[in-house]
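Reviewing the structure listed below.
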Amino acid sequence: MIPVTKPFLPPIEEYQPYVKDIWDRQWLTNNGPLVNELELRLKQYLDLPHILYLSSGTIALQIAIRALDLHGEIITTPFSFIATTSSILWEGCKPVFVDICPETLNIDVSKIEDAITPHTSAILATHVYGNPCDIDAIDALAQKHNLKVIYDAAHCFGTKYKGKSVYGYGDISVASFHATKLYHTIEGGAVFTSCPELLKKMAFMRNFGFNGPEEFACLGINGKNCELHAAMGLVNLKYADAILEKRRELFAYYTEMLKGLDMKQQVIQKNTQYNHAYYPIILPSEDLLVRMVEMLNAHWIFPRRYFYPSLHTLSFVDRCECENCLDISKRVLCLPLHNDLSKEELHLVIRIMLRVQNY
Ligand SMILES: Cc1ncc(COP(=O)(O)O)c(C=O)c1O
């Protein structure tokens, strides 16, 4: 079987000593030493001033929305994972969808201003598949209209924009370290900010709001992560550069071998060091996509329609027009891409796709 993605697993011998130490210490969670060490190592690796390691990317989004005290309308993209929209709703705000640019697949900044109303409090944009949004234009708009900016950077481990980790932009950036991501801690996520006050607030929020054993600084939630997950993060961090390099090679190989396929690819933002997190292709029609998926599945190959359906069509959001997203989401397919994938497997995927197209 060739799945769309597969969690990276380091040699078990490297994880076991951490497990033994955890057993010896009997400290499993609640701001343990491995969580602290992971935060330190990630800050060093990413060269960023602050990070809070959390239980998931979704809780990170929710904490970010709370910490910025957002209310009313949040402008967002319909082309993302469900958690981008659901966290807005979960926090009692209203998602206002702005269509995407059909080339970068990120929110179309030229359409944001028309969507701003007196109720707008923020922009929550996703760097889709690890491709940075038009960060400079979004920042300029946010300043002009006094809006906060959260970036859903769930796909962005390893991506740099203008030489700096893309997690370093926006009022708050959010990462996911879920097992399917190129760098993972099994389950996990993080918030990044350059603002010490926001950091402090979010640190209280991730631990029920506790400020000492008998005092609460604010309303909080359980957003903590545990020692076993942090241990996986510490071991996996040693492999991050090799994983990024392997992805780059596989990505280049796909591109070379798929030259004969009638498809478009996402345009990557300028000044970007891209992490090759996914291999999305945009096919000419949904019909061709469905036929390709069926044929690949028949050979036990499982690409994924990601992101589909478009979030503005969900039954629990207000309907609106987002033509580009509606169209792209029907024609986009993420091909298998993971660290264990061999060139032979990749070749099989490519051969089948070309055969379906030429049939
Ligand atoms: C764009 C995006 N945002 C948020 C999330 C949620 O992250 P998590 O699964 O860590 O909660 C994901 C997960 O795949 C994602 O792709």
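The numbers here are math on the coordinates, done by the rules we state, and not lab data. Note that the coordinates shown come from a computational prediction; the quantities given were computed from them, not determined experimentally. Cβ coordinates were reconstructed from backbone atoms using ideal geometry, including for glycine residues, and neighbour counts include every protein chain displayed.
For Ile172, neighbours were defined as the other residues whose beta-carbon sits under 14 Å from its Cβ, and their charges (Lys and Arg +1, Asp and Glu -1) total -1. The phi-based Karplus calculation (6.51 cos²θ - 1.76 cosθ + 1.60; θ = phi - 60°) puts the 3J(HN,Hα) values of segment 180-194 at 7, 7, 5, 10, 9, 10, 6, 10, x, x, 7, 10, 10, 8, 9 Hz, whole numbers, x for Gly and Pro.
Ordering 174-186, 56-68, 11-23 by mean Cβ neighbour count within 10 Å, with the highest value first, yields 56-68, 174-186, 11-23.
In this simple spin-label approximation, Trp23 and Asn207 carry label points 7 Å from Cα along the Cα→Cβ vector, and these lie 2.8 nm apart. Cβ screening of the chain for cysteine pairs under 4.7 Å finds these without a partner: Cys93, Cys101, Cys133, Cys156, Cys195, Cys218, Cys226, Cys320, Cys334.
Multiplying the residue separation of Ser342 and Gln143 by 0.36 nm and subtracting their alpha-carbon distance yields 67.0 nm.
The spacing between segment 250-315 and segment 155-230, judged by their C-alpha centroids, is 30 Å. Summing Cβ point charges (Lys, Arg +1; Asp, Glu -1) relative to the Cα centre of the chain gives a dipole of roughly 500 debye.
How much length is gained on full extension from Tyr45 to Ile352, taking 0.36 nm per residue of separation minus their Cα-Cα distance?
Values: separation 307, 0.36 × 307 = 110.52 nm, distance 3.93 nm.
That pair, Tyr45 and Ile352, stretches by 106.6 nm at full extension.
Less than 5 angstrom separates the built amide H of Thr120 from those of Glu73, all sequence-distant by 5 or more or on a different chain.
With both labels modelled 7 Å from their Cα along Cα-to-Cβ, the Gln273 to Tyr253 distance reads 2.4 nm. Of the residues Leu61, Thr5, His145, the one whose Cα sits farthest towards the positive end of the charge dipole of segment 2-237 is Thr5 (charges of +1 on Lys and Arg Cβ, -1 on Asp and Glu Cβ, taken about the Cα centre).
Computed from label points 7 Å out along Cα-Cβ, the spacing between Asp327 and Asp241 is 4.3 nm. About its Cα centre, the dipole of segment 240-358 is roughly 140 debye, where the only charges are +1 on Lys and Arg Cβ and -1 on Asp and Glu Cβ. Round to a whole angstrom and tell me the spacing of the C-alpha centers of segment 9-63 and segment 108-140. Each part's Cα centre sits 31 Å from the other's. Mean residue ellipticity, 222 nm, helices only, the chain: the sum of -39500 (n - 2.57) across DSSP H runs of n ≥ 4, divided by residue count and rounded to 500, is -12000 deg cm²/dmol. Per-residue 3J(HN,Hα) values for segment 124-129, derived from phi via the Karplus relation 6.51 cos²θ - 1.76 cosθ + 1.60 with θ = phi - 60°, read 10, 10, 9, 7, 5, 6 Hz in sequence order (x marks Gly and Pro).
Anything over 30 Å Cα to Cα? Flag those among Lys201/Lys330; Lys148/Lys224; Lys162/Lys246; Lys6/Lys111; Lys43/Lys94, in the order listed.
Going by Cα-Cα distance, Lys201/Lys330; Lys6/Lys111; Lys43/Lys94 fall outside the 30 Å limit.
About its Cα centre, segment 46-141 has a charge dipole of approximately 400 debye under the convention of +1 per Lys or Arg Cβ and -1 per Asp or Glu Cβ, with nothing else charged. Measuring from a point 7 Å past the Cα of Ala179 along Cα-to-C-beta, which residues in segment 218-251 have an amide N at less than 17 Å? Flagged as within label range: 226-236.
Here the extension length gained between Lys264 and Thr313 equals 15.3 nm, from 0.36 nm per residue of separation less the Cα-Cα distance.
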